[in-house]
Amino acid sequence: MIKAIIFDLDNCLSAADESSRQLLEPVFTAVRESNHGTLSDGILERAFDDCWRDSFDVVAQRHGFSRAMLEAGWNAAAHAEVTTPLQGYPDLGALRELRGKLFLVTSGFRRLQESKISALRIAELFTEVHVDAIDEENRRGKQRIFADILASHGLSPDEVLVVGDNPNSEIEAGNRLGITTVQILRPGVTRGNNAAYYIDELAELALLI
Ligand SMILES: [Mg+2]
């Protein structure tokens, strides 16, 4: 029996670029200005596109940012925040219908992730909210955070679902712990091959619990 569901935030409960594509423009500008010919314009554009799906450290490594590019982008990203209200995906109301404890676990820069959560006004729906802050020391990572949630709430892996859009992040972390994983195929999300279930909308979770 499912007693708890752990949700991802970006591209799961709200589109990462819902506020505006301008949100990360200072980051892209900082990276571009410190590029100095390291990467072609085409690779830079692909990297910036990836920033809407993956955390900045993952993107920087994947595309081979120089140290200067990483640092310049990092400093800009650490100051980014959403200051206008967000709606999230139109099916967020389904969260209120779900039985059991709900958890929110999101990776990224703390200020930005916390600003999105507060702009969405969804914190009260969750038993706990965890930001896996990439800009802080002793980062636990999603797998450790999931394991800690299970331990502190006395949950076994077969009593939990992990729901998110990213096969390499929360889906992989959940799989490693033996938790049943659900990839939600929001617009623009590519279907992976490592989740136990695939859904298009949150309401479908009711059928899995
Ligand atoms: Mg996500």
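Quick note: the coordinates plus some simple rules give every number you see, no bench work behind them. The shown structure was predicted, so the numbers you read here are calculated from the model rather than taken from an experiment. Heads up, the Cβs are rebuilt from the backbone with ideal geometry, glycines too, and the neighbour counts pull from every protein chain shown.
Taking springs between alpha-carbon atoms closer than 10 angstrom, which of ASN175, ASN193, ASN138 fluctuates most in the Gaussian network model of the chain?
Among ASN175, ASN193, ASN138, the largest GNM mean-square fluctuation belongs to ASN138.
As a check on your grasp of the helix formula, calculate [θ] at 222 nm for the chain: sum -39500 (n - 2.57) over DSSP H runs of n ≥ 4, divide by the residue count, round to the nearest 500.
Mean residue ellipticity at 222 nm (helix-derived): -9500 deg cm²/dmol.
Note down the relative contact order for the chain as a percent, whole number, built from C-alpha pairs under 8 angstrom at least six residues apart.
25
I need the helices of the chain that pass two filters: whole DSSP H segments spanning 20 Å or more by Cα along the axis, and mean Kyte-Doolittle score no lower than -0.5.
none
For Cα pairs less than 8 Å apart in space and 6+ apart in sequence, what is the mean separation divided by the residue count of segment 1-77, i.e. the relative contact order in percent?
41
Would you order SER169, SER156, SER115 from fewest to most other beta-carbon atoms within 10 Å of each residue's own beta-carbon?
SER156, SER115, SER169
Out of the GluC sites (Glu not before Pro) in segment 113-149, which ones are loop residues according to DSSP with at most 11 other C-beta atoms within 10 Å?
For GluC sites (Glu not before Pro) across segment 113-149 that sit outside H, G, I, E and B with at most 11 neighbouring Cβ atoms in 10 Å, the list reads GLU136, GLU137.
Comparing GLN87, GLN183, GLN61, which has the greatest mean-square fluctuation in the GNM of the chain with Cα pairs linked when under 10 Å apart?
Between GLN87, GLN183, GLN61, it is GLN61 that shows the largest mean-square fluctuation.
Straight distance only, please: which lysines reach the Cα of LYS116 with their own Cα at less than 22 Å, same-chain residues fewer than 8 apart left out?
Within reach: LYS101, LYS142.
Multiplying the sequence separation of ARG96 and SER20 by 0.36 nm and subtracting their Cα-Cα distance, what value in nm do you get?
24.7 nm is the gain from fully extending ARG96 to SER20.
Report Rg(Cα)/(2.2 N^0.38 Å) for the chain, keeping two decimals.
Working it through for the chain, the quotient is 1.02.
Give the relative contact order (percent, whole number) for segment 43-112; include only Cα pairs under 8 Å separated by 6+ residues.
It comes to 40 percent, rounded to a whole number.
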